[in-house]
1. Taking the Cα centre of the stretch 21-129 as origin, work out the dipole magnitude from +1 charges on Lys and Arg Cβ and -1 charges on Asp and Glu Cβ, in debye rounded to 20.
2. Step through the residues of the stretch 28-33 one at a time and calculate ³J(HN,Hα) from phi using the Karplus curve (6.51 cos²θ - 1.76 cosθ + 1.60, θ = phi - 60°), rounding each to whole Hz and writing x for Gly and Pro.
3. In a shell of Cβ-Cβ distance under 15 Å around Leu113, excluding Leu113 itself, what net charge do Lys and Arg (+1) and Asp and Glu (-1) give?
4. Using θ = phi - 60° and the Karplus form 6.51 cos²θ - 1.76 cosθ + 1.60, what ³J(HN,Hα) does each residue of the stretch 81-97 get, whole Hz, x for Gly and Pro?
5. Less than 10 Å Cβ to Cβ from Cys68, Lys/Arg counted +1 and Asp/Glu -1: what total charge do the surrounding residues give?
6. Could you work out the local net charge near Asp41, counting Lys and Arg as +1, Asp and Glu as -1, over the other residues with Cβ closer than 15 Å to its Cβ?
7. If neighbour count is taken as other Cβ atoms inside 10 Å, put Cys87, Cys115, Cys33 in order from fewest to most.
8. For the stretch 21-129, what does the relative contact order come out to in percent, with C-alpha contacts under 8 Å and a separation of six or more?
Amino acid sequence: MRVFVALWLLVTLVSTALAITCFECDSVNEPGCGESFSGDDIAKTDCNAVEVLGDMRSYNPQGVEPTCLTKYYEGMPGSSRFVRRSCFFGDSSPAGFSCDESPDPLVPYQSFLGCTLCNSDLCNAAGCSVPSMLLSFVFCAYGLLLFLAN
């Protein structure tokens, strides 16, 4: 039993360190993806499982880990902002990061406002209250305490 618990903890820690999961949506097709984010029915993507295709390979240098991206566009006054949430496969370092400011194909008439990057699970949601990495640490520490107590 102890070996099983130790292996489970090891696998959990390694998979948490290597994988990142992001929300994958746009506010045209999924109203819950907009500025008033409701993550209940929003698709979640394991960015490490997504194959980087074609010209995206040039944006994803070897060894660079994917991150989560949120892009904002604004149209006519009074209209709602367009929001796209996805995985980002480029250089996310402050010196190397450059957000693609080209119009989004779904709303080519809206102007680019800005984007944000983050690097923890499901962090590209508006109002994530507790970072998932912290929760993972708490659960792993609790499991380790239970393991050591037996």
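1. Details: 6 positive and 16 negative charges, 34 e Å.
Using Cβ point charges on Lys, Arg, Asp and Glu, the stretch 21-129 gives about 160 debye.
2. Ordered by residue, 3J(HN,Hα) equals 6, 7, 9, x, x, 8 Hz.
3. Values: positive: Lys71, Arg81, Arg84, Arg85; negative: Asp26, Glu35, Glu74, Asp100, Glu101, Asp104.
Charge balance in the 15 Å sphere: -2.
4. Along the stretch 81-97, the couplings run 6, 9, 10, 10, 10, 6, 7, 10, 10, x, 6, 9, 5, x, 6, x, 6 Hz.
5. Here the count lands on -1.
6. Around Asp41, the surrounding residues sum to -2.
7. The fewest-first ordering by Cβ neighbours comes to Cys115, Cys87, Cys33.
8. That works out to 34 percent.
Throughout, read-outs are computed from the coordinates displayed, never taken from laboratory work. Everything numeric here is computed off the predicted structure, so don't read it as measured data. Because the Cβ atoms are built from the backbone with ideal geometry, glycine has one as well, and the counts that use them run over all protein chains shown.
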